[in-house]
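For reference, the structure discussed in these notes is given below.
Since every read-out is calculated from the coordinates, none of them should be taken as a lab result. These numbers come from a predicted model, not from an experiment. Here the Cβ positions follow ideal geometry from the backbone for every residue, glycine too, while neighbour counts run over all protein chains shown.
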Amino acid sequence: MRTRYQVHDSQHSHFVTSTTVQWLPAFATSATCDILVEALAWYQANKGLKIHGWVILDNHFHAILQHEDLPRIMADLKKYTARKLLAQLQETGKEWLLNQFSFYRLKHKAESEYQVWQEGYHPQRIGSDEMMRQKLEYMHLNPVRRGLVAEREHWRYSSAHVWLPGVVPALRCDPWC
């Protein structure tokens, strides 16, 4: 793993990206997106995860997170969401997607029949207000650039709407200090 993709300073927030194997559309429904939102909310409420911003798209998510043991949190989050997602896909009969997760599983992942997430999460340390603004802008505009919505705050699975007056978000974001 390259040095720039490691957490060296747990006192700072990090921009993270996690992608499904082969960019498969695992988060194409509200039910599957809710799995990730509920997991982030649980880690925030129960493990002290600070969430400054986030967005979920069909095959990846971005977030700006801070925790004293971010690598452990990310590993646990990905393991938990993979298990819940696979159960949801089995329940809804999405055999084609399950078959893809099985086919693209890396051979050394012998503990599971499936692999949902690519390895790693590419943490990038947020070292300034300018970098925080740039990363928030980048992730919140992701659904707009993909043509999914006209305005960033219209994307349901994003913290972009947090910045609108009078809106109570589903997942609370911590202010940037």
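Overview of values
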item	result
Helix-only mean residue ellipticity at 222 nm for the chain, each DSSP H run of n ≥ 4 adding -39500 (n - 2.57), per residue, nearest 500	-12500 deg cm²/dmol
Nearest-0.05 FRET efficiency for W42 and E68, computed from C-beta distance (R0 22 Å)	0.80
Coil-residue GluC sites (Glu not before Pro) of segment 44-143, DSSP, other Cβ within 10 Å capped at 15	E68, E111, E113, E119
Sparsely packed trypsin sites (Lys or Arg not before Pro) within segment 84-124, loop by DSSP, other Cβ within 10 Å at most 10	K107
Cleavage-rule hits (trypsin sites (Lys or Arg not before Pro)) in segment 1-83: DSSP loop, at most 13 neighbouring Cβ within 10 angstrom	R2
For the chain, built as a Gaussian network whose Cα springs stay under 10 Å, the top-fluctuating residue of L40, L148, L70	L148
Of V37, V149, V116, the one that fluctuates the most in a GNM where the chain has Cα springs shorter than 10 Å	V149
Computed label-point distance, nm, for sites E130 and R105 using a 7 Å Cα→Cβ extension	4.7
Relative contact order, percent, segment 3-163 [alpha-carbon distance under 8 Å, six or more residues apart]	33
Fewest-first sequence of T32, T92 by Cβ atoms within 10 Å of each Cβ	T92, T32
Estimated D of the chain in µm² per second, where Rh is the Kirkwood radius over Cα pairs and Stokes-Einstein applies at 10 °C, 1.306 mPa s	95
GNM top mover of L106, L49, L77 - the chain, alpha-carbon springs below 10 Å	L106
Calculated FRET efficiency for the pair H12/E91, C-beta based, R₀ 35 Å, to 0.05	0.35
